[in-house]
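Each remark here refers to the structure printed beneath this line.
Read-outs throughout are calculated quantities, based only on the coordinates presented, and are distinct from any laboratory measurement. Just so you know, these numbers come straight off a predicted model, no measurement behind them. Every residue, glycine as well, gets a Cβ built from its backbone with ideal geometry; the counts of neighbours run over all protein chains shown.
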Amino acid sequence: MIFHAPYPLVERAAASRLRPVRMRQAFEALGFEVVTVAGYASQRRRAMRRALHRVDQYLSVCGHLPDDVQASPMPFLYSENATIPSALTEPRHMPVHPRLDTALFSRLIRRGVAVGSFYRDLYWRFPRFRQGIHPAVDNALKAAYTAELWSWRRLGVQVYLPSQAMAPHLPVIRPERIKALPPGADPQAVSQVSRPRPGSLELLFIGVLGDNYVLDAVAEAVGQVPQVRLTLCVRQETWQATADHYAPLLPPGRHEVIHTERQGLEPLYERASLGVLLVEPSPYWDFAVPYKLYEYLAHELPVVATAGTETGRIVEELGIGWTLPYSAEALAALLRRLADNPGERLAVQERMRQVLAQQTWQARARQVAADLSPRSLDLLDSPDSGESKEKV
């Protein structure tokens, strides 16, 4: 399979940039031969030549296999799109390359190779996220976004979104060419799962305060329940920008603000009782699926989410936590109940262990393979997958 990303892949990055790294690793872990086309334009152009050569080589070999393995699975391409059109992903967005990536998709499709692409977000469709952009620049960006989608529609690209709820906001693409592909959990990266001390109840929020993450009700609820603590793990710059707002809301002596990442998070997960995604509702949360939800799942940390949001729907569907109205009173009532009935939280943890395997990055990669090259999974899952067969 060909893994495409119109930017360099970086291991140590924000969640939006970690996703493509995890998806590529998932395809490799499943047993696919992964040919990577990533980086800036010059790097991608060289990688495209290698990828097309490898596809032609594979198709030639498969065409000469014995009859019993003649129907070998077709290769496929999976792309993790950028938050901006692929034509603009160079440093400082210049020079533009409007046809580079589309040309690769077209050449592969002419060879019978299916193409799927993950579309990361739709900020450009919402005026509140475009404030401060010059109207001429805004119009040019919207034209570039739309042109890219029209090229995908003409080619018949399978489009993946973080959630199906996002589909009505995506223009141009036919509904039947859209599927949900939310983030995945990575249990291999977990060294400490949630194991709070008996009798303790600690809420943990990891993320960025401000913008889409408004947690006033959470801070107020913790203040109402004396036996509860709150840990906020946030970027230092976002805390500095929001400290004047949150400091008066946080209960003295029962909160902690921490600035750490990666391995520094593991002790926080271990002592935490609940993961916080109880945020103030907004149109963004109607379809957004945060990466952090699946990190909470991987750490067996039960989730409190806002009812009516896409995150809340997933929490309800999987049974991995509680959904509440965004109010201090509702959260405080839940916290008192859990303090009196710790077995309820333990039952949710057990449910998280049961559903985890179906929510990993490997599960997401299997879904893509099943969509784009169904027979590839039959080959990979067969006992003799290494005998007289080309890797897909």
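For the pair GLU261 and SER200, a Förster radius of 22 Å applied to the C-beta separation gives a FRET efficiency near 0.35, rounded to the nearest 0.05. Under the simplified labelling scheme, the GLU317-SER191 pair shows an inter-label distance of 3.4 nm, with each label point 7 Å from Cα along Cα→Cβ.
Against the main long axis of the alpha-carbon atoms of the chain, helix 41-62 sits at an angle near 60°.
Which of PHE118, ALA147, ALA82 sits closest to the plus end of the dipole of the chain, meaning its Cα is farthest towards the positive end, when Lys and Arg get +1 and Asp and Glu get -1 on the C-beta? Going by the charge dipole, the pick is ALA147. Among ILE84, ILE320, ILE109, sorting on how many other beta-carbon atoms sit within 10 Å of each Cβ, with the fewest leading, yields ILE109, ILE84, ILE320. Computed from Cα atoms, the angle from the helix 15-30 axis to the main principal axis of the chain rounds to 60 degrees. Sorting 137-144, 187-194 by their mean Cβ neighbour count within 10 Å, with the most densely packed peptide first, gives 187-194, 137-144. Packing, taken as the mean count of other beta carbons within 10 Å per residue, orders the peptides 285-296, 252-263, 115-126 from highest to lowest as 285-296, 115-126, 252-263. Other residues within the sphere of radius under 11 Å centred on the Cβ of GLY156, judged by their own Cβ, net out at +3 (K and R +1, D and E -1). Residues MET352, MET1, MET94 in ascending order of nearby Cβ atoms (within 10 Å, fewest first): MET94, MET352, MET1.
Ellipsoid fit via the Cα gyration tensor, region 286-392: semi-axes of 38, 16, 8 Å, each the root of five times an eigenvalue, largest first. When the P(r) is computed for region 23-167, the part past 26 Å accounts for 33% of the Cα-Cα pairs. A cut-off under 14 angstrom between Cβ atoms defines the neighbours of LYS179, and their net charge, with Lys, Arg +1 and Asp, Glu -1, is +2. Nearest 10 degrees is fine. How inclined is helix 135-155 to the longest principal axis of the chain, computing both from alpha carbons? That helix lies at roughly 50 degrees to the long axis. Where does the charge balance sit around ARG364 when Lys and Arg score +1, Asp and Glu -1, over other residues with C-beta under 10 Å from its C-beta? Residues close to ARG364 contribute a combined charge of +3.
Over the Cα atoms of region 187-356, the radius of gyration divided by the Kirkwood radius equals 0.92; this is the Rg/Rh ratio. Mean separation of Cα pairs under 8 Å and 6 or more residues apart, divided by the residue count, gives region 187-356 a relative contact order of 27 percent. Could you work out the percent of alpha carbon pairs in the chain separated by over 30 Å, rounded to a whole number? More than 30 Å apart: 46 percent of the Cα pairs in the chain. Working note: Debye formula, equal point scatterers on the alpha-carbon atoms of region 150-198, no solvent; log10 I(q)/I(0) at q = 0.13, 0.16, 0.27 Å⁻¹ is -0.48, -0.58, -1.01.
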